[in-house]
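*Asks:* Pasting in a structure now, in structure tokens, and then I'll have a few things to ask.
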Amino acid sequence: MGEINPQRVNFLYARLRDLKLVHGAGSQPLALVFQSQPRTATLDLTAQERRFLADIKTVRYAIDEAGWPPFEFLGADGRAQGIASDYLDLIAQRLGITFERVSIADWQAALDAVQARAVDLLPSAAETPDRKRYMGFTNHYVTSPMVIVSRGDVDFIPSIAQLVGLRVGVVKGYASDELLTRFHPDLALVRYGSTLEGLRHLAAGEVDVFVDNLAASIHIIKTHGLANLKISGQTPYDFDLTMGVRNDWPLLISAVNKVLASMTVQEHNAIYDKWVDLQVASPFPWTRVLPWLTALVLTVGVLLAYSVRMKVMNRRIQDTNDNLRQVQQALRDKNAQLLEASIRDKLTGTFNRHHLDAILGKEFERYQRYHSPFSIVMFDLDHFKRANDQFGHQAGDEVLRQFCAIVLQTIRHSDTFGRWGGEEFLLICPETSAQQALVVADKVRQAVETATLYPGLRQTVSGGVKESTGCRSLDEQILAADNKLYEAKQAGRNRIMV
């Protein structure tokens, strides 16, 4: 069936223990029991935040009343429902404030109302460059990809470039509308008032594709029986859903962020699962049953014979479906294993060069679009050839594994680390200046200097840091980090140059 690598298990356990997610069992075998995350009764609000919340008491909000399920929509009783509403209820309870819904016809009108200060908050808003002019944004609480929906006769669409020349439907004012208009001006966009309206026009053949949120599209396709539609591709964008707040209320943003941070994983999952894992009830098939009821009046014998035959066929169909489900699950499991193997270095278990290139490309694209800098650190083990020459290649392999374990225990959760090649490694630090990355890199250097990676061997590491600011290309940033690494080597090793 497979095998267990004890070193890998111990490494994973050490990481979980550092994060205070598990506890040991003394001298007994490890007990990987996830510890509960108790939520404190009060939030760590500042005095300014408390005074601000006491002053406003009521926060006016608006939703897209045309409906954007499962995130926000109006129920049969006219009340707001969906993922966003459940988050608002929880935030209101913990901050001691009241949310009052302002009835607004459509999404564009809701955006205009925030600019005019007629509305204070939009509970389901993606952060975009245009909206940042008049809104601040909380940390995102749900992430869902922006996908391409088509009719069933369309093949896989690998990129947005394939949409040139097609009629592309979007919801007016949504993040998909803004991003495609800004970054893909060559597309012919057709704007609709809601996701449901756009998908119905797509099903009727009035547009060629429709671009929107994955969860919302699947929910509407299922609940409204749009069986001729399917997900045909994924864009490079995500709907990182946040709560958009008027930008002169930064204290409300910080207070809401503290509530989101105080929620447990179980609380987040409970809200998401409540609305996403919906079962669609099918009406009883009277049109098929009534003819057989009529046949029953003519002859009971014929109906009984047919009933027995149908039971046998249904049993065969059920067995076939069970086999298909087992094969599909086996394929999904195999694909997951292949994906993990394709992005991991076989020796160290860290990310490989291919995956690092992909992450670097996304970070540099984010930097060019939003001017949000990131830094990279190029590491190289000093005199690594000495370990192989004196102790053999198995010792060298162990030094590489131990070095990676130290790095993973030292860096931040948001950082990405992997093997660049040989004894050279790369650390990617998003939203990080060069000086901040220098602090992280020097902690790694100090940890390696004081550790014993292999008995009888003293190992050090050098590094070069480069921030993306001022770099015209990704290759320029990588080359600059590599040059700084070379300077560290020339200056005597066991140091970080920035």
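*Asks:* Looking for something under 26 Å from the mean Cα position of the chain (by Cα) and under 20 Å from LYS362 (Cβ atoms) - is there at least one such residue anywhere in region 450-467?
*Replies:* Yes, there is a match, as at least one residue in region 450-467 is under 26 Å from the mean Cα position of the chain (by Cα) and under 20 Å from LYS362 (Cβ atoms).
Residue-by-condition table, conditions (1) over 26 Å from the mean Cα position of the chain (by Cα); (2) small (Gly, Ala, Ser); (3) within 16 Å of GLY244 (Cβ to Cβ):
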position	(1), (2), (3)
LEU122	no, no, yes
PHE137	no, no, yes
HIS140	no, no, yes
ILE148	no, no, no
ILE160	no, no, no
THR195	no, no, no
HIS201	yes, no, no
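*Asks:* Please go through region 305-348 and pick out each residue that is within 22 Å of the chain's Cα centre (by Cα) and outside any helix (DSSP H, G or I).
*Replies:* The answer is ARG344, and nothing else.
*Asks:* Then there is this: Pull up region 476-498, narrow it to residues that are on the phi < 0 side of the Ramachandran plot and outside any helix (DSSP H, G or I), then point me to the one that is surrounded by the most Cβ atoms within 10 Å (Cβ to Cβ).
*Replies:* ILE496
*Asks:* For region 380-391, state whether one or more residues are closer than 22 Å to ARG344 by Cβ, of a type outside the set (Ser, Thr, Tyr), under 33 Å from the mean Cα position of the chain (by Cα) and surrounded by fewer than 20 Cβ atoms within 10 Å (Cβ to Cβ).
*Replies:* no
*Asks:* Of all residues in region 119-154 being part of a loop (DSSP other than H, G, I, E, B) and surrounded by fewer than 15 Cβ atoms within 10 Å (Cβ to Cβ), which is modelled with the highest pLDDT?
*Replies:* Filtering region 119-154 for residues that are part of a loop (DSSP other than H, G, I, E, B) and surrounded by fewer than 15 Cβ atoms within 10 Å (Cβ to Cβ), the one modelled with the highest pLDDT comes out as ASN139.
*Asks:* Could we say that ASP208 is out of contact with any strand residue (DSSP E or B) (no Cβ under 8 Å at 6 or more places or on another chain) and assigned by TED's automatic domain parsing to the domain that holds LYS230 here?
*Replies:* Criteria not met by ASP208.
*Asks:* OK, next. Identify, by number, the condition in (1) farther than 20 Å from ASP64 by Cα; (2) buried (at least 18 other Cβ atoms within 10 Å of the Cβ) that SER217 doesn't meet.
*Replies:* (1)
*Asks:* Look at region 86-119 and say how many of its residues are within 24 Å of LEU260 (Cα to Cα) and among the aliphatic types (A, V, I, L, M).
*Replies:* Residues meeting the conditions: 11.
*Asks:* In addition: Which condition does THR235 not pass, out of (1) at pLDDT 85 or above; (2) hydroxyl-bearing (Ser, Thr, Tyr); (3) part of a helix (DSSP H, G or I), if it passes all the others?
*Replies:* Of the numbered conditions (1) at pLDDT 85 or above; (2) hydroxyl-bearing (Ser, Thr, Tyr); (3) part of a helix (DSSP H, G or I), the odd one out for THR235 is (3).
*Asks:* Related question: Based on what the data block shows, is ARG151 outside the structural domain of GLU197 (by TED's automatic domain parsing) and of a type in the set (D, E, K, R)?
*Replies:* no
The values are calculated or read from the model by the stated rules, or taken from the named source; none is laboratory data. All values derive from a computational prediction rather than experimental measurement. Positions of Cβ are backbone-derived with ideal geometry, glycine not excepted, and every protein chain shown enters the neighbour counts.
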